[in-house]
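S.K.: To start, I am sharing the structure in question, which I have written as structure tokens.
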Amino acid sequence: MLFSGKNKHRRPSKAVRVATLGGVAAAAVAVPLMGATSASAATTSEWDQVAQCESGGNWSINTGNGFYGGLQFSASTWSAYGGDQYASTADQASKAQQIAVGEKVLASQGAGAWPNCGSGLSSTPNEGGAEDSSAQQQETQQQDTQQRADRSEQRQQPQQEAPKQEAPKQEAPKQDTVTTPTGKQVEKGDGEYKVESGDTLSKIAEAHGTTWQQLFEKNKDIVKDANLIYPGQQLHLS
């Protein structure tokens, strides 16, 4: 639909002018905020480097040492900087959520929040910016910094080897064989008479009121030849 040229340059109403000025003012305010946000943000690759140093790049790590996730937040720091809106501890949050909390810590405390791993972060703390650090946040961060320093010192100290525990002594197996003069191993037996040098089945039988045949029969499990018995073997007599 075409409009008449009569009112083409009509002066805009007061309401229109106020709305227009309001839009310009809003834009003017928005630009510094955007600039401050981008100035306080580290790159994803920088956060990856911090995570690699702190946790080996494992964003879901929880070793039970009181620090969680890729950037190794303590539970108190995670909560103080708004991490509870994502998860109870950092290891349960996504990488992006951990970085979002990391940005708040970085803006408040600077790269020194990660004393051993934050040197590669390009950002510096905000001076009165959008994230004002409270006394509680400062105290929490100081505690975390001390804990991290202590943990780093423990890493650098040479680990002492744990004393070796001696294996329990095992009882020597009971000797159930005897060695013949030729070096052969023969059954020892568990009878009440121990064969001595010079003994024969006949000699033993005569001394104990029996015959060598009966003696041989009772000890066939260890005596394979009636003419061969060896010192150390133990024969049953009855």
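S.K.: Could you run through the range 188-219 and say how many residues are in a loop (DSSP other than H, G, I, E, B) and over 17 Å from THR177 (Cβ atoms)?
M.R.: So the answer is 10.
S.K.: In addition: Please enumerate the residues belonging to the range 73-94 that are among the small types (Gly, Ala, Ser) and open to solvent by 20 Å² or more (accessible area, probe 1.4 Å).
M.R.: Those that are among the small types (Gly, Ala, Ser) and open to solvent by 20 Å² or more (accessible area, probe 1.4 Å): ALA75, SER76, SER79, ALA80, GLY82, SER88, SER94.
Conditions (1) modelled with pLDDT of 90 or more; (2) surrounded by fewer than 18 Cβ atoms within 10 Å (Cβ to Cβ); (3) outside any helix (DSSP H, G or I); (4) touching a Leu at 6+ places or on another chain (Cβ under 9 Å), marked per residue:
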site: ARG17; (1), (2), (3), (4): no, yes, no, no
site: ALA26; (1), (2), (3), (4): no, yes, no, no
site: VAL31; (1), (2), (3), (4): no, yes, no, no
site: MET34; (1), (2), (3), (4): no, yes, no, no
site: THR37; (1), (2), (3), (4): no, yes, no, no
site: LEU71; (1), (2), (3), (4): yes, no, yes, no
site: ALA96; (1), (2), (3), (4): yes, yes, no, no
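S.K.: Still on this structure, I have one more. Sort through ASP150, ASP199, ASP144 and tell me the only one that's surrounded by 14 or more Cβ atoms within 10 Å (Cβ to Cβ), among the acidic types (Asp, Glu) and at pLDDT below 85.
M.R.: ASP144
S.K.: Also, quick follow-up: Return yes when PHE67 is of a type in the set (Phe, Trp, Tyr), open to solvent by less than 20 Å² (accessible area, probe 1.4 Å) and within 13 Å of GLN97 (Cα to Cα) and no when it is not.
M.R.: Numbers: of a type in the set (Phe, Trp, Tyr): yes; open to solvent by less than 20 Å² (accessible area, probe 1.4 Å): yes; within 13 Å of GLN97 (Cα to Cα): no.
Here the answer is no, as PHE67 does not meet what is asked.
S.K.: In the range 202-231, how many are closer than 12 Å to GLY191 by Cβ and in contact with a strand residue (DSSP E or B) (Cβ under 6 Å, 6 or more places away or on another chain)?
M.R.: Residues in the range 202-231 being closer than 12 Å to GLY191 by Cβ and in contact with a strand residue (DSSP E or B) (Cβ under 6 Å, 6 or more places away or on another chain): 2 in total.
S.K.: May I ask you to list the residues in the range 43-55 that are open to solvent by less than 50 Å² (accessible area, probe 1.4 Å) and not charged (D, E, K, R)?
M.R.: Correct list: TRP47, VAL50, ALA51, SER55.
The values are calculated or read from the model by the stated rules, or taken from the named source; none is laboratory data. The structure presented is a predicted model; accordingly, all values stated were derived computationally and were not measured. Because the Cβ atoms are built from the backbone with ideal geometry, glycine has one as well, and the counts that use them run over all protein chains shown. The accessibility values were calculated without ligands, DNA or RNA, using every heavy atom of the protein model including side chains. Shrake-Rupley method; radii C 1.70, N 1.55, O 1.52, S 1.80 Å.
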